[in-house]
Amino acid sequence: MIGRIWAIALNTFREAARIRVLYGILVLVVGANLLALVLGEMAVHDESRVARDIGLAGISLFGSLTAIFLGVFLLYTEVQRRTIHAIVSKPIERWEFVVGKYLGMALVLSVLVVVFGLAMGGMLLWQGGGVTAAVGKALILSWFEVLVVAALAIFFSSFSTPFLSGIFALALWVIGRVTPDIERATQAASPAISAVTKVVLRIVPDLHLFSVSGRSLDGNAVSVHGDFVPWSYVGLASLHGIGWIVWLLAFAAVLFHRRDFV
Amino acid sequence: MADLAIEVAELKKTYRTPFRRKKVEALRGVSFSVAKNQIFGFVGPNGAGKTTTIRTLMGLIRPTSGTAKLLGHAIPSRLARTRIGFLPEAPYFYDYLTVGELLDLAGRLFGLDATTRKQRADRLIERVGLDRARAQSLKKFSKGMLQRAGLAQALMNDPDLVVLDEPMSGLDPSGRKEVRDLILELRDQGKTVFFSTHILSDVEAITDRVAIVARGVLVGEGTPAELVNRHILGIDVVVRVPREADAELTAAPAGITRIRRLGDELGCTLPADTDVEAWLARAHDQGAKVVQVVPRHETLEDLFLRRTSDPAPGEPPAVAS
Ligand SMILES: Nc1ncnc2c1ncn2[C@@H]1O[C@H](COP(=O)(O)OP(=O)(O)OP(=O)(O)O)[C@@H](O)[C@H]1O
Ligand SMILES: [Mg+2]
């Protein structure tokens, strides 16, 4: 089972590594870091502040967009081009295929996040600001955000077209990130509306957990530039993310299992 | 039963196009069985339901109703698939791989260890004649080369049962001959081969049994000989005779067909019950020399055309609901 999943994952990695757009994104992110460098120079004080903000936002934004892009296309093209016919007719279960596909994608995204992180770290060191523990924690949180978004995209693509899956995944990514703001906004509204919103938001992955800088948590302001979350928070958030990934993949596998490949 | 490689009972498949509310009854109750160590040909015109049957067997699509067993296991069975090799119709593989890498991936999915994968891949690449294309990615393969790569990946697990959807399509005559030889070789190794085709000469040449499918139902099953040799259709004669004799020779018997003149030769087909001796004696009187006398049996092609153009029993295949 592990061998089969791994075979699919490695093949997916190879497939994704051939997508030129990914290299474009790498260039973009490194470019964003350079831009941050320039903007930092212009800032009146604390130039590394700008660099950190732009760097982390870039990882989260481009990482998530890449995750959606890979998630909605990689599974779909297998079915569309019928490469899947020679695969699922081998002694592999369909869920193993879905998990292998996800792991391959997660591998690509992880490499991407590491490269992004290195670019950002290099820039911070160049500026003479240190790479703080807070930046490390923020990076790990972004990494999990990207992994959850990939699972979200795969979930949609297990039953839908890339276009629709992309829209759904993008919508949930945005909603997931601003959940607390939506909650706050609807608190003022009638109890009925706020109750409905609460229920709806429950089924959206809590991606806001992974981008906490600039928010207040339990009444305390949290920022990568100052007081950041403790490691225990990072651990819990990561576990939460893994929970979402498992759920989403399980649903994707069930939906995928029922499909006809023609 | 243990000596059956494939058992299919009342298999039905209705494709539903979402939104358009249109149903296509691709299979309308197909039943047949394939004994072990046989070459079984599954023939039918375009759209008959061959690929649908094969995809159902391989677990790619779910039947609407009916059952099927492969090597004694009800479909879909992961266990059965470890013993089965499958070549999809017009196969398409990851085009960034080389044939060696494709076979390695197949070997991994079959759970083979690295040494076995390497050995089998080397042997199969040679066997299907792709030795010189080892370094190329599949993207640069021609249709026939892809077909060969597909055959090789289907044999990586040294299967007991081989299911091939149109293995000869896209191949030139010598390629087709090679595939026919490969199929015969597989049977000699004790394997069962189930393949679909509409190239009837291939079926006549190598199959032990044939099933003919049309519009989602079987319209005939048996050995090629059983299916076609039941009656003589007529007697083809060709005689060398001056043109002036044509009218007299073709005047009788009644039912003479396919009359044709080729240079100094007259050809025609006499009805099956003709007294050939008497007719030849008449020809002799006109100064004719006999060139050829051949009883014309029904060919698989005649049978195929006859069976598959019969009006469909039951409903038409496509109905709007
Ligand atoms: N995905 C699909 N949706 C709707 N109808 C389909 C689908 N796939 C096949 N069909 C229909 O099912 C019928 C059987 O098709 P199938 O591909 O099994 O035929 P076939 O015997 O393999 O033909 P060919 O010799 O052309 O390969 C056809 O009428 C076809 O139009
Ligand atoms: Mg077909």
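The values are calculated or read from the model by the stated rules, or taken from the named source; none is laboratory data. Everything quoted here is computed from the prediction, not taken from an experiment. Backbone-built Cβ (ideal geometry, glycine too); neighbour counts: all protein chains shown.
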State which residue is farthest from A:F144 (Cα to Cα) when the search covers only the stretch A:225-262 and only residues that are charged (D, E, K, R) and within 14 Å of chain B (Cβ to nearest Cβ). A:D260
Could you tell me whether A:S223 is among the hydroxyl-bearing types (S, T, Y) and surrounded by 13 or more Cβ atoms within 10 Å (Cβ to Cβ)? yes
Taking the stretch B:80-94, which residues are outside any loop (DSSP other than H, G, I, E, B) and within 7 Å of another protein chain (Cβ to nearest Cβ)? B:R81, B:F86
Condition (residue is in a strand (DSSP E or B), closer than 20 Å to B:L300 by Cβ and either assigned by TED's automatic domain parsing to the domain that holds B:L87 or within 16 Å of ligand 2 (Cβ to nearest atom) (or both)) applied to the stretch B:4-25: is it met by at least one residue? no
For the stretch B:62-74, which residues satisfy the criterion of being part of a loop (DSSP other than H, G, I, E, B) and surrounded by 20 or more Cβ atoms within 10 Å (Cβ to Cβ)? B:P63, B:L71
Selection status of B:A114, within 28 Å of the chain's Cα centre (by Cα), of a type in the set (G, A, S) and within 14 Å of chain A (Cβ to nearest Cβ): no
Given the structure, is A:T83 in contact (Cβ under 8 Å) with a residue 60 or more places away in the chain, crowded, with 17+ Cβ neighbours inside 10 Å, farther than 30 Å from A:H225 by Cβ and within 11 Å of chain B (Cβ to nearest Cβ)? no
I'd like the full set of residues that are assigned to a loop (DSSP other than H, G, I, E, B) and farther than 13 Å from B:V239 by Cβ, limited to the stretch B:258-300. B:A272, B:D273, B:T274, B:D275, B:E298, B:T299
Is at least one residue of the stretch B:95-107 charged (D, E, K, R), facing another protein chain (nearest Cβ under 9 Å) and within 25 Å of the chain's Cα centre (by Cα)? no
Residue list for the stretch A:89-142, filter: more than 30 Å from B:P159 (Cβ to Cβ) and of a type in the set (K, R): A:K137
Filter the stretch A:128-140 for residues that are buried (at least 17 other Cβ atoms within 10 Å of the Cβ) and over 18 Å from the mean Cα position of the chain (by Cα); the one that is modelled with the lowest pLDDT is A:G129
Can you name the residue in the stretch B:111-147 that is out of contact with any Lys or Arg (no Cβ under 9 Å at 6 or more places or on another chain) and under 15 Å from B:D172 (Cβ atoms) and is also surrounded by the most Cβ atoms within 10 Å (Cβ to Cβ) among such residues? B:Q147
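Here is a yes/no grid of residues against (1) within 14 Å of chain B (Cβ to nearest Cβ); (2) of a type in the set (G, A, S):
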| residue | (1), (2) |
| --- | --- |
| A:I5 | yes, no |
| A:T12 | yes, no |
| A:A17 | yes, yes |
| A:R20 | yes, no |
| A:G24 | no, yes |
| A:V27 | no, no |
| A:V30 | no, no |
| A:L35 | no, no |
| A:V38 | no, no |
Within the stretch B:135-149, can one find any residue that is away from every other protein chain (no Cβ under 14 Å) and within 16 Å of ligand 2 (Cβ to nearest atom)? yes
Checking the structure you have, find out if any residue of the stretch A:102-110 is without any contact (Cβ under 8 Å) to a residue 60 or more places away in the chain and within 14 Å of chain B (Cβ to nearest Cβ). no
Scan the stretch A:200-215 residue by residue and report those that are of a type outside the set (A, V, I, L, M, F, W, C) and either at pLDDT below 70 or assigned to a loop (DSSP other than H, G, I, E, B) (or both). A:P205, A:D206, A:S211, A:S213, A:G214, A:R215
Which of the residues that make up the stretch B:44-68 are more than 9 Å from every other protein chain (Cβ to nearest Cβ) and over 21 Å from the mean Cα position of the chain (by Cα)? B:P63, B:T64, B:S65, B:G66, B:T67
When residues of the stretch B:172-221 are limited to those that are within 16 Å of ligand 2 (Cβ to nearest atom), of a type outside the set (G, A, S) and not in a strand (DSSP E or B), the one farthest from the other protein chains (Cβ to nearest Cβ): B:L200
Checking B:L79 against (1) away from ligand 2 (no atom under 16 Å from the Cβ); (2) in contact (Cβ under 8 Å) with a residue 12 or more places away in the chain: exactly one of these is not met. Which one? (2)
Scanning the stretch B:83-111 residue by residue, those of a type in the set (G, A, S) and more than 16 Å from ligand 1 (Cβ to nearest atom) turn out to be B:G85, B:G100, B:A106, B:G107, B:G111
Within the set of pairs 6+ apart or on separate chains, which have a first residue in the stretch B:46-60 that is more than 10 Å from B:F86 (Cβ to Cβ), a second that is more than 6 Å from ligand 1 (Cβ to nearest atom) and in a helix (DSSP H, G or I), and C-beta atoms under 6 Å apart? none
Could you grab me the full set of residues in the stretch B:121-176 that are more than 16 Å from ligand 1 (Cβ to nearest atom) and among the acidic types (D, E)? B:D122, B:E126, B:D131, B:D158, B:D160, B:D172
